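What follows is a single structure, written as structure tokens, with notes after it.
Laboratory data are not the source of any read-out in this text; all were calculated from the coordinates shown. Values in this document were obtained by computation on a predicted structure and should not be read as measured data. When we count neighbours, we look across all protein chains shown, and the Cβ atoms used for this are built from the backbone with ideal geometry, even at glycine.
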Amino acid sequence: MDWKMFQALLSGVNKYSTAFGRIWLSVVFVFRVLVYVVAAERVWGDEQKDFDCNTKQPGCPNTCYDHFFPISHIRLWALQLIFVTCPSFMVVMHVAYRDDRERKHRAKYGEDAKLYNNTGKKHGGLWWTYLLSLFFKTGIEVVFLYLLHMIYDSFYLPKLVKCDIKPCPNQVDCYIGHPTEKKVFTYFMVGASAFCIVLNVCEIIYLIAKRIARIVRKIKSRDRLVTLHQRYADDDRGRYQSVPMKRLDLKPGYKPNDDMRASAPNLTAS
């Protein structure tokens, strides 16, 4: 994938997103991707080389490093950014599918024929796709925050760790390279991820509330139309009932029965 195709995908995500979605996209690609590429990778660098233990026992530093850092922060964040941006492309692909259906429909029935009023408007299946993408993004963020906390026992990076795993001869002290910088970037990335979770939750609430409000408006409009129709029907019925039946020309020799006289006292035969 080249940069132009990637830029087209990002512009598509931004085009079909709500205000919360645009803020989320800015946070992800400005405060997370750029920080990750420009600064975080350089701070971590060759982590194992900077991991120094006060022993020369062969294999001890490697074993201790693998114990305390089973997966690197930088690689875990790379996976997180990849997985968290994939659900947004579901919306772009769904809109592309709608555009293709619209194109085939117009080619078959003419240019004036329309299958969708607006292929990018979040109605029907596209609304559900967009909502599911938000749930996926929120779940991915939560899962990776939990993994980061579970693997390292916290988001805090100590300057010194004590290791007594074989083949270390005894308990040795190991020092982490650039611990303060790594701690700052860890807190920053965790805070940005938490902020993205808040934005996703706000967008989910916004979409559901907007959908409920639209349904309520439709119900009220339908009830108003039913009420007006009933009122007009009652007015017409009352207008017809208010017309007195004074005289009805019947065929000669026809005599109205008792039921007809009871319902229309003024009914007479000519």
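Here is how the numbers come out for the structure above:
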{"read-out": "For W127, W24, order by how many other beta-carbon atoms lie within 10 Å, fewest first", "value": "W127, W24"}
{"read-out": "Pairs beyond 21 Å (Cα-Cα), from K15/K218; K15/K210; K114/K137; K162/K182; K159/K182", "value": "K15/K218; K114/K137"}
{"read-out": "Footprinting exposure proxy for M189, M93, M150 (fewest neighbouring C-beta atoms within 10 Å first)", "value": "M150, M93, M189"}
{"read-out": "Per-bin percent of Cα-Cα distances, the range 8-220 [10 Å]", "value": "7, 26, 24, 18, 12, 8, 4, 1, 0"}
{"read-out": "Distance (nanometres) between label positions extended 7 Å along Cα→Cβ at K218 and H149", "value": "4.0"}
{"read-out": "Virtual spin-label span in nm between V38 and F135, 7 Å along Cα→Cβ", "value": "3.7"}
{"read-out": "Least to most buried among Y206, Y152, Y130, Y109 (fewest other Cβ within 10 Å first)", "value": "Y109, Y206, Y152, Y130"}
